[in-house]
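Chemist: So that we are looking at the same thing, I have put the structure below in structure tokens.
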Ligand code: TYD
Ligand code: MG
């Protein structure tokens, strides 16, 4: 009988303490310590030291090692493939996080259905019954027959799941979710950080030793992190977040870590009655409902990974009824909005102190890039003065505290995308590098300051907007 002892583990960062702590000294989280009973002998130690891969894997010259890039599992779902860096790498572990109900299970069931048309897929769920999953699969497949090679199991014991994998040798394993599975030899309950970490580590070992790719779904805590974020992100190869506004149909799949491709790559999907559908041309989709020549609307060009994305930023100012005027951003950072408002007040002498300000990025998108500052500012001024922004114009630029404009990176890609979508004018910071080839047919208006840019952006009544360059 193994001796046991009690310890306290921070559920946020995994720090272990001998006694209960109200606040974690490592990550600063309050009330995050939970009691766990563990066997004296640590399973982790025996695993890495004794059963490690070293013995069967002697060091090899780098030139003789196969690179796995050729044998990625191809995916017809191009938006997912691009976020993964092109297909599924054998033996890789991919973590997909996101809010409840955002569509993680739907996305992975679609992947399972697609891959199962050719190879065997094991979909393990600790969240839903086989019947529920089947009903969803039928809906996703429309009238097409369900593939015989898609195997479903509702199981939470990881040891049993491993047995299934050894017996069935699937080409893809999906675990929905990491918080519901557990290892029976550990005493702590499913979902605790020790279980989550150890389960993920064992799944990785399974993936590496059997060469089977594993997709793991991870729930997000109310702070917006995958439970046990720090520990999990180290263990897996790729971390993807599925995000979007639950009340809107667009979903963004964002890669925040990827050992096999570029990070911050983004795939765009739309939720339909029959599952997630790829959005091949997101800029077009995001601009589809735009009212041209309406005051309070400006077009920004942000970079999502390597892809430029045109989004509509809307601003609305309205006289504050009493007390402090409110600033309500939706899709942009609150503090960034405060900063932009302050610059507009101090450098453009606008009276925003008695105005409520609402800013909205259309499509449920979040834009964190400072390159969108200028569009946010223009949308606010446009609403305040009730004058529309010039049609067919995009605004790109970061705003500095002195009211100056800064040049964001990757300007050529942004301008090309704007031109591709039929925009004719781009208002950009001065100091665009000379000699670089800008897309022909796009008028570039350079502005040194926010004031110049806003003057150039707004349609001036009675005369054509003056050109600042
Ligand atoms: P789900 O994949 O269960 O979310 P998660 O696993 O991230 O918790 O998605 C559930 C939501 O998606 C639910 O609100 C219904 C919606 N949905 C559709 O709109 N169409 C569909 O075809 C499916 C399967 C789900
Ligand atoms: Mg789910």
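The values are calculated or read from the model by the stated rules, or taken from the named source; none is laboratory data. Nothing here was measured: the structure is a model prediction, and the numbers come from that model. Every residue, glycine as well, gets a Cβ built from its backbone with ideal geometry; the counts of neighbours run over all protein chains shown.
Chemist: Go through segment 326-335 residue by residue and tally those that are crowded, with 20+ Cβ neighbours inside 10 Å and within 17 Å of residue 401 (Cβ to Cβ).
Modeler: Of the residues in segment 326-335, 0 are crowded, with 20+ Cβ neighbours inside 10 Å and within 17 Å of residue 401 (Cβ to Cβ).
Chemist: So, one more: Of the residues that make up segment 165-176, is at least one within 16 Å of ligand 2 (Cβ to nearest atom) and modelled with pLDDT of 95 or more? Reasoning before the result, please.
Modeler: So in segment 165-176, the residues within 16 Å of ligand 2 (Cβ to nearest atom) come out as 174-176.
Still in the list and also modelled with pLDDT of 95 or more: 174-175.
Looking through segment 165-176, at least one residue is within 16 Å of ligand 2 (Cβ to nearest atom) and modelled with pLDDT of 95 or more.
Chemist: Test residue 88 against the stated conditions and say whether it is buried (at least 22 other Cβ atoms within 10 Å of the Cβ), assigned by TED's automatic domain parsing to the domain that holds residue 253 and away from ligand 2 (no atom under 16 Å from the Cβ). Step through it out loud before you land on a result.
Modeler: Values: buried (at least 22 other Cβ atoms within 10 Å of the Cβ): yes; assigned by TED's automatic domain parsing to the domain that holds residue 253: yes; away from ligand 2 (no atom under 16 Å from the Cβ): yes.
Against the criterion (buried (at least 22 other Cβ atoms within 10 Å of the Cβ), assigned by TED's automatic domain parsing to the domain that holds residue 253 and away from ligand 2 (no atom under 16 Å from the Cβ)), residue 88 qualifies.
Chemist: While we're looking at this one, here's another question. Whether any residue in segment 206-214 is in the same structural domain as residue 80 (by TED's automatic domain parsing), crowded, with 21+ Cβ neighbours inside 10 Å and within 16 Å of ligand 1 (Cβ to nearest atom) is what I want to check.
Modeler: no
Chemist: Scan segment 114-144 for residues that are buried (at least 21 other Cβ atoms within 10 Å of the Cβ) and away from ligand 2 (no atom under 14 Å from the Cβ) and report the count.
Modeler: Residues that pass the stated criteria total 4.
Chemist: Also: Among the residues of segment 275-293, is any within 16 Å of ligand 2 (Cβ to nearest atom), in contact (Cβ under 8 Å) with a residue 12 or more places away in the chain and out of contact with any strand residue (DSSP E or B) (no Cβ under 6 Å at 6 or more places or on another chain)? First the steps, then the outcome.
Modeler: In the first step, residues of segment 275-293 are kept if they are within 16 Å of ligand 2 (Cβ to nearest atom); the result is 275-276.
Okay, now just the ones that are also in contact (Cβ under 8 Å) with a residue 12 or more places away in the chain, so 275-276.
Adding the requirement that they be out of contact with any strand residue (DSSP E or B) (no Cβ under 6 Å at 6 or more places or on another chain) leaves 275.
Yes, the conditions are met somewhere in segment 275-293.
Listed here are the residues, each with its yes/no results for (1) without any contact (Cβ under 8 Å) to a residue 24 or more places away in the chain; (2) within 16 Å of ligand 2 (Cβ to nearest atom); (3) under 23 Å from residue 92 (Cβ atoms).
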site: 149; (1), (2), (3): no, no, yes
site: 157; (1), (2), (3): no, no, no
site: 181; (1), (2), (3): no, yes, yes
site: 202; (1), (2), (3): no, no, yes
site: 206; (1), (2), (3): no, no, yes
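Chemist: Continuing with this model, one more query. Given the conditions (1) in contact (Cβ under 8 Å) with a residue 40 or more places away in the chain; (2) within 16 Å of ligand 1 (Cβ to nearest atom); (3) on the phi < 0 side of the Ramachandran plot, report the number of the one that residue 165 does not fulfil.
Modeler: Going through the list (1) in contact (Cβ under 8 Å) with a residue 40 or more places away in the chain; (2) within 16 Å of ligand 1 (Cβ to nearest atom); (3) on the phi < 0 side of the Ramachandran plot, residue 165 breaks only (2).
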